[in-house]
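Enquirer: Below are the structure tokens for one structure; questions will follow.
The values are calculated or read from the model by the stated rules, or taken from the named source; none is laboratory data. What you are looking at is a predicted structure, and each value in this text was computed from that prediction instead of being measured. Every residue, glycine among them, receives a Cβ derived from its backbone with ideal geometry; neighbour counts consider all protein chains shown. Please note that ligands, DNA and RNA were not included when accessible areas were found on the heavy atoms of the full protein model with its side chains. Shrake-Rupley method; radii C 1.70, N 1.55, O 1.52, S 1.80 Å.
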Amino acid sequence: MPATVLITSALLLDMDGTLVNSDAVVERCWRRWALKHGLDPEAALKVVHGRQGYATMAVLLPDRPVEENYADNRVMLAEETADVDGVVPIGGAPAFMAAIADLPHALVTSADSALATARMGAAALPMPAVRVTAEQVGASKPDPEGFLKGAAELGFGAADCIVFEDSEAGIAAGRAAGMRVVGVGPRAAALSPDAHVEDLTQIRVEAAEDGTIRLHISEA
């Protein structure tokens, strides 16, 4: 199949499920939490990806005071940060990050700074110099705030950025920001992103002479 070519000026990268496969630890922690609160773990796992923890808790326990969600979220973040067993790079992520090292890009993640550092380190991936973590936004994905902040920090408008995301909440956030979205992995396949790949081995990055970035995408 011929490659799809997307032309952009900057890349905004989600972390979990996009650069880093952390599904094992996410599922361990959220299964424990769901069982503790009398919830079906399988149902809970359908909504955890892409959101900050407190936002997931608000979906699963809509009548619980928000203060309790924030308190539980602090405990959950500590547990997830301490547990990096099974955290590995998404296929092709090391080469992809090397290819974009000198190009405008930012990490935009629902993780806080400590968790992002732990997981990127466990996956042996370089931490982007520009990053938007949970502490820097007032609203979790699917709100577009994080992506808009990432674009602003890089000095580009929304139309000049492409988002890489794996989750429903993340793809919705990218679209709400007015950005094109490359969906990564199985969760993204049914969400109609502008392009979809199983992993990052299907992407070749080219720095064009006019300063733009050309993404050559062999779609799944």
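Enquirer: Using only DSSP helix segments of four residues or longer, with each worth -39500 (n - 2.57), what per-residue ellipticity at 222 nm results for the chain after dividing by its residue count and rounding to 500? Please list the in-between numbers first.
Expert: Values: 8 runs with 80 residues, N = 220.
Result for the chain, helices only: -10500 deg cm²/dmol.
Enquirer: Two-decimal Rg/Rh of the range 138-191 from alpha-carbon positions, Kirkwood Rh?
Expert: On the way: Rg = 10.6 Å, Rh = 10.9 Å.
A ratio of 0.97.
Enquirer: Report, ordered by chain and residue number, the lysines lying within cross-link reach of Lys46, taken as a straight Cα distance under 25 Å and ignoring same-chain residues fewer than 8 apart.
Expert: Result set, ordered by chain and number: Lys36, Lys141.
Enquirer: Moving on to the next point. Above 20 Å lies some portion of the pair distances; for the range 1-58, what is it as a whole percent of all C-alpha pairs? Intermediate values should be presented prior to the final figure.
Expert: On the way: 677 of 1653 pairs.
It works out to 41 percent of all Cα pairs.
Enquirer: Over all distinct alpha-carbon pairs, what is the Kirkwood Rh of the range 103-164 in angstrom? Walk me through the numbers on the way to the answer.
Expert: On the way: mean 1/r = 0.0831 Å⁻¹.
Answer for the range 103-164: a Kirkwood hydrodynamic radius of 12.0 Å.
Enquirer: To continue, here is another question. When you take every Cα atom in the chain, what is the radius of gyration, and what is Dmax, the widest Cα pair distance, in Å?
Expert: Final numbers for Rg and Dmax: 16.8, 57 Å.
Enquirer: Please report the carbon-and-sulfur percent of the accessible area for the range 71-220; probe 1.4 Å, protein heavy atoms only, DNA, RNA and ligands left out. Present the calculation step by step, with values, prior to reporting the outcome.
Expert: On the way: 3310 of 6240 Å².
Using a 1.4 Å probe with all protein chains present, the range 71-220 comes out at 53 percent carbon and sulfur.
Enquirer: Quick one: length gained pulling Thr212 to Ala43 fully straight, 0.36 nm per residue minus the C-alpha distance?
Expert: Working: separation 169, 0.36 × 169 = 60.84 nm, distance 4.20 nm.
Extending this stretch completely gives an extra 56.6 nm.
Enquirer: Relative contact order for the range 108-175 using alpha-carbon pairs under 8 Å, separation at least 6, rounded to a whole percent? Don't skip to the end; give the middle numbers.
Expert: Values: 70 pairs, mean separation 21.4, N = 68.
That works out to 31 percent.
Enquirer: Per residue, how many Å² of accessible area does the chain show with a 1.4 Å probe? Could the numbers behind the result be given before it?
Expert: Working: 9490 Å² over 220 residues.
Here the per-residue accessible area is 43 Å².
Enquirer: Arrange the peptides 8-18, 66-76 so that the one whose residues have, on average, the most other Cβ atoms within 10 Å appears first.
Expert: On the way: 8-18: 25.1, 66-76: 14.8.
Ranking, from highest mean packing down: 8-18, 66-76.
Enquirer: Stokes-Einstein D for the range 24-136 at 4 °C, 1.567 mPa s, Kirkwood Rh over Cα pairs, in µm²/s?
Expert: Numbers: Rh = 15.2 Å.
My calculation gives 85 µm²/s for D.
Enquirer: What is the Cα centroid distance between the range 7-42 and the range 140-194, reported in whole angstrom?
Expert: If you average the Cα positions of each part, the centres end up 16 Å apart.
Enquirer: Starting from 0.36 nm per residue, how many nanometres of slack lie between Arg31 and Arg74 once their C-alpha separation is accounted for? Kindly include the intermediate steps, with their values, before the conclusion.
Expert: Details: separation 43, 0.36 × 43 = 15.48 nm, distance 1.65 nm.
Extra length from Arg31 to Arg74 when fully extended: 13.8 nm.
Enquirer: Same structure, new question: Can you pull the percent of Cα pairs in the range 117-220 with separation above 15 Å? Could the numbers behind the result be given before it?
Expert: On the way: 3603 of 5356 pairs.
Pairs farther apart than 15 Å: 67 percent.
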